[in-house]
Amino acid sequence: MAEKGKFLVVKIRKSTWFVWVLRVIWVLWLLFWAEFTLGSWKELEKRAFIISLVIFLWSLVMGLFLWLWGYLKHKKA
Amino acid sequence: MNRRDFFKFGFGGAGLAVGCGLASGADNSPSSSGRSVYGHPSWVKMIPMPKLAVDDKVYSRFNASNNIFGSFTRYYGIENRKKLMQESRERRIKYYLEKRPGYRLEDRALADAGWVISRLGGLNRGTRAWTSKSGRTPEQRGVEKYNGSPEEAAQLIKAAARYFGAATVGITMLDRRHIHSQERGKAIFFESANEPYEDEEKLVIPDKCKYAIALSVQMSLDNLQCSPTAISSAGSSMGYSRCEFLVAGLAQFIRGLGYVAIPSVNDLGSSVAIGVDAGLGELGRTNRLITPEFGPYVRLCKVLTDLPLATDKPIDFGLLEFCKVCKRCAEACPANCLSFDDQPSFQVKGEWNNPGHRAWFEDAPKCYAYWQESTSGCSICIPVCPWSKKDKTMIHEIVKASSAKIPALDMFFSVMDEAFGYGRPKDAGKWWSLNLPEYGIDTTQGKG
C-alpha cells in the first residue's frame with residue numbers, strides 16, 4: 001500500500017494450532033466456573049460461591065496476563 | 001495427611017477434569033420405554049431386582065408397634081424417657097428466652113402449622129380413609145369404569161400424581177411383605193373382599209389390590225439446611241402435609257375411575273421398601289430412600305390399588321457404591337446412630353429394624369432421643385448428603401452422572417463436596433428473609 005511515497009506495513013502473526021486449542025480450553029474453563037459461580041449464588045451456597053468466584057477470577061487474570069506477556073514478547077521481537 | 005486430605009489437595013484438579021470429560025459421554029439412551037415422560041435422568045439404570053439382597057427365609061411383615069414411635073419407652077427405659085422429656089422441656093424454654101434463631105416462637109409456630117393437613121389423616125382415618133363416599137364413581141355417573149391398557153393407566157396415574165404434588169412417581173407389583181402385620185392394635189389382613197374395610201379386630205386389604213404406586217414429595221432444602229431447628233422441622237412437617245394432600249387426591253382420582261384405592265403415608269407399610277421396588281431410588285447409608293433427582297430430601301407415600309398398571313423397575317445410579325465410601329451422614333450425625341460399616345449387612349441393631357434384608361441399620365432410639373434433646377427433631381443426615389442439591393449449576397448433574405458410571409471417583413466427589421462447603425448448617429434466623437418459591441421448593445427440579 002503506497003501513499004505519497006510512504007509505506008504502511010501490515011504484519012500478520014499467525015498463531016500455531018495448539019495456541020488456538022489452549023484459547024478455546026481457557027474460554028470453556030472460564031465459562032464453566034462462571035456458570036458454577038452464578039449457580040452457587042442462586043443456591044445460597046456461600047463457600048462454593050467464593051471458591052468458584054476466586055477460581056474464575058484467577059483463571060481470567062492469569063489468562064489475560066499470559067496473553068499480554070506473549071503479545072509484548074512478540075512485539076519486542 | 002488422611003485419605004480425605006490426600007484427595008482434597010492431591011487429585012482435586014485431575015479428578016474434576018476426568019469427571020467432566022466422562023460425564024459428557026453419559027449414556028443418553030432412554031432408560032426404560034415406560035418412563036419416557038416421568039422418567040429419571042439418562043444416567044440412571046433400570047435393573048431387574050433391587051441391589052440390596054432380601055433373605056426370603058427371614059424377611060416378613062413388620063409389626064408397626066415395634067417402630068421407634070410405638071416403642072421408644074420400651075427401648076429407652078421409662079425413667080430415662082421421663083428425664084429426657086423433662087430436660088427437653090427445660091431446654092425448649094431456655095432457647096425461647098434466649099431468642100435463639102430457629103427456636104423462637106415464630107419458628108415453633110411454623111413447624112407446628114406445617115402439620116396442619118397431615119393431622120387430618122391416619123391409618124384408614126380422615127384424608128387417608130380407605131373408602132370414600134364424597135366422590136362420584138363411574139356407576140353413579142352411569143358409565144362403565146375406566147378400561148384403558150395398563151400402560152395408558154400408568155400414564156394417567158403419573159400425570160395425576162404429578163398434578164397433586166408428587167416430585168417423582170413409580171409403580172410396582174405389591175410385595176405383601178412390605179405391609180405391616182399389625183398397626184394401631186389391629187392385625188392387617190389380605191382377603192378376597194371387594195372393598196377394603198376395618199372392624200373391631202382387623203383391617204382388611206382386598207386380595208385384588210396388587211399394585212402399589214410409590215410417590216415422593218420434595219421437602220424444602222432451605223429448611224432442612226437449618227437442621228436441627230424448628231425451621232428444619234417445618235420442612236418435614238410441610239412435606240408430610242403435602243403427602244397427605246397427594247395421596248388423598250390420587251386415591252380419590254382412582255376411585256373416580258372405578259377402582260379401589262388405599263392411600264397411605266408412613267402408616268400401613270414401608271414406603272421406603274415400596275419406593276425401592278418401584279424405582280424411586282436406592283437405599284442409602286441412612287437406611288432411607290435416596291433419589292437420583294433430590295437425594296434424600298423427599299417424603300414418601302403410597303397408594304395401593306387394583307387398577308391394572310404397567311410397572312416400573314428398580315434403579316441403580318451408583319448410590320450403594322457411593323455410600324460405601326462417603327459416610328458424611330454418619331460423621332455428621334450428632335447422636336452417632338448411623339453405621340460406619342463399609343458394607344451393608346443383614347445384622348439389625350434392634351427390634352425397631354425389620355430383619356431379612358441387607359442395609360446399614362440405624363440405632364433408632366439414639367436418633368429419637370436426640371430429637372428430644374435438640375427440642376426440635378433432627379434431619380442433619382439429609383442436607384449433608386452429597387446427593388442433596390438444588391441443581392442450579394450443571395456441575396451437580398456432571399458429578400451425579402460421573403458417580404453413576406465411575407464408582408472410583410466417589411471418594412473424590414464426597415471430599416470435594418465437603419471442601420466446597422455443601423452440607424454446612426445454615427443460619428435459621430436468615431430463613432425468614434429468603435425469597436422462597438411456593439412451598440419453599442423448586443418444582444422444576446429433576447424434570448429435565
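The values are calculated or read from the model by the stated rules, or taken from the named source; none is laboratory data. Every value quoted in this text rests on a predicted model; they were computed, and no experiment measured them. Neighbour counts are summed over all protein chains in view; Cβ atoms, including those assigned to glycine, are modelled from backbone coordinates with ideal geometry. Accessible surface is based on the protein model in full, side chains and every heavy atom, while ligands, DNA and RNA are left aside. Shrake-Rupley method; radii C 1.70, N 1.55, O 1.52, S 1.80 Å.
Quick check on region B:160-207: of everything there that is of a type in the set (Ser, Thr, Tyr) and part of a loop (DSSP other than H, G, I, E, B), which residue is farthest from B:LEU307 (Cα to Cα)? Across region B:160-207, the extreme among qualifying residues is B:SER181. Checked against (1) surrounded by 24 or more Cβ atoms within 10 Å (Cβ to Cβ); (2) among the aliphatic types (A, V, I, L, M); (3) over 22 Å from B:LYS133 (Cα atoms), B:VAL247 meets all criteria but (3). Using the structure shown, decide if B:LYS313 is touching a strand residue (DSSP E or B) at 6+ places or on another chain (Cβ under 9 Å), within 14 Å of chain A (Cβ to nearest Cβ) and assigned to a loop (DSSP other than H, G, I, E, B). So B:LYS313 does not fit the description; no.
May I ask you to list the residues in region A:26-41 that are more than 17 Å from the chain's Cα centre (by Cα) and more than 8 Å from every other protein chain (Cβ to nearest Cβ)? A:THR37, A:TRP41, listed by residue number.
Once region B:325-349 is narrowed to residues that are of a type in the set (A, V, I, L, M, F, W, C), without any contact (Cβ under 8 Å) to a residue 60 or more places away in the chain and part of a loop (DSSP other than H, G, I, E, B), the residue that is farthest from B:SER414 (Cα to Cα) is B:VAL348.
Of all positions in region B:391-407, none carries a residue that is under 18 Å from the mean Cα position of the chain (by Cα) and either assigned to a loop (DSSP other than H, G, I, E, B) or not acidic (Asp, Glu) (or both). Any residue at all in region B:430-444 that is open to solvent by 10 Å² or more (accessible area, probe 1.4 Å), in a loop (DSSP other than H, G, I, E, B), among the charged types (D, E, K, R) and more than 12 Å from chain A (Cβ to nearest Cβ)? No.
Scanning region B:404-413 for residues that are buried (at least 19 other Cβ atoms within 10 Å of the Cβ) and either in contact with a helix residue (DSSP H, G or I) (Cβ under 6 Å, 6 or more places away or on another chain) or within 14 Å of chain A (Cβ to nearest Cβ) (or both) gives B:LEU409, B:ASP410, B:MET411, B:PHE412, B:PHE413. Looking across B:SER216, B:SER236, B:SER227, B:SER241, one residue alone is touching a Cys at 6+ places or on another chain (Cβ under 7 Å) and not aliphatic (A, V, I, L, M). It is B:SER227.
Among residues that are in contact with an Asp or Glu (Cβ under 7 Å, 6 or more places away or on another chain), closer than 17 Å to B:ALA167 by Cβ and open to solvent by 10 Å² or more (accessible area, probe 1.4 Å), B:VAL276 is included. Residues in region B:207-233 that are within 14 Å of chain A (Cβ to nearest Cβ), closer than 25 Å to B:GLY39 by Cβ and either at pLDDT below 95 or out of contact with any helix residue (DSSP H, G or I) (no Cβ under 7 Å at 6 or more places or on another chain) (or both): B:LEU221 only. In region B:414-429, of all residues being of a type in the set (A, V, I, L, M, F, W, C) and open to solvent by less than 20 Å² (accessible area, probe 1.4 Å), the one that is nearest to the other protein chains (Cβ to nearest Cβ) corresponds to B:ALA419. Among the residues of region A:52-77, just one is within 14 Å of another protein chain (Cβ to nearest Cβ), open to solvent by 50 Å² or more (accessible area, probe 1.4 Å) and β-branched (Val, Ile, Thr), namely A:VAL54.
The residue pairs whose first member lies in region B:391-403 and is within 11 Å of chain A (Cβ to nearest Cβ), whose second member is open to solvent by 10 Å² or more (accessible area, probe 1.4 Å) and β-branched (Val, Ile, Thr), and whose beta carbons are closer than 8 Å, counting only pairs six or more residues apart or on different chains, do not exist in this structure.
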